[in-house]
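Report on the following structure.
The values are calculated or read from the model by the stated rules, or taken from the named source; none is laboratory data. The model shown is predicted, which means the values in this text are computed figures rather than measured ones. Cβ atoms come from the backbone with ideal geometry, glycine included; neighbour counts cover every protein chain shown. With ligands, DNA and RNA removed, areas are computed over all heavy atoms of the protein, side chains included. Shrake-Rupley method; radii C 1.70, N 1.55, O 1.52, S 1.80 Å.
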Amino acid sequence: MRVTVGEHSVRHIRRIVRSLLTEWEMPHLVDAVELGVTELVTNVVRHVPDRRCEVVVLRTAGVRVEVTDGCAQRPLMRHESEPDAEGGRGLVLLDAVVDKWGVARAAGGGKTVWFECRR
């Protein structure tokens with residue numbers, strides 16, 4: 001899906017993901033995939049000026065999610081952040097709950113941040 005995201009978009013995208021995983025009979029992956037989608041879409045809301053992105057959810061041996069935006073700046077994984085910081089932990093959380101993740105350059109500029117959760 002191609003969307004321009006706002007602060008409330010994350011909740012709606014999580015619902016779509018939950019619905020897909022339920023239809024695919026993968027309820028055991030719901031928590032991890034929802035958290036991953038939340039972190040990646042929130043990064044678009046906070047760091048991509050036009051807030052436009054494409055979210056792809058693929059059924060593989062598990063699930064692969066890709067979030068592509070037009071901003072070439074790659075996300076940074078901060079291993080340490082201030083205790084009272086309001087952000088900076090998203091990729092650390094993502095890394096903790098998914099099997100694999102990464103960042104790739106997108107065709108035409110921008111980037112795709114992706115993750116995979118397996119059975």
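Under the condition of being closer than 19 Å to residue 52 by Cα, touching a Lys or Arg at 6+ places or on another chain (Cβ under 7 Å) and open to solvent by less than 80 Å² (accessible area, probe 1.4 Å), which residue from the range 72-103 is modelled with the lowest pLDDT?
72
Just to be sure, is residue 18 modelled with pLDDT of 95 or more and of a type in the set (Lys, Arg)?
yes
Got at least one residue in the range 3-14 being farther than 19 Å from residue 107 by Cα, among the small types (Gly, Ala, Ser), open to solvent by less than 100 Å² (accessible area, probe 1.4 Å) and within 13 Å of the chain's Cα centre (by Cα)?
Yes, there is a match, as at least one residue in the range 3-14 is farther than 19 Å from residue 107 by Cα, among the small types (Gly, Ala, Ser), open to solvent by less than 100 Å² (accessible area, probe 1.4 Å) and within 13 Å of the chain's Cα centre (by Cα).
Based on what the data block shows, is residue 52 open to solvent by 20 Å² or more (accessible area, probe 1.4 Å) and at pLDDT below 95?
Considered against the rule, which asks whether it is open to solvent by 20 Å² or more (accessible area, probe 1.4 Å) and at pLDDT below 95, residue 52 comes out as no.
Taking only pairs six or more apart or across chains, which ones have beta-carbon atoms under 7 Å, a first residue in the range 1-24 that is without any contact (Cβ under 8 Å) to a residue 40 or more places away in the chain, and a second residue that is open to solvent by less than 90 Å² (accessible area, probe 1.4 Å) and hydroxyl-bearing (Ser, Thr, Tyr)?
Going by the 7 Å Cβ cut-off, the qualifying pairs are 10/38; 10/42; 14/38.
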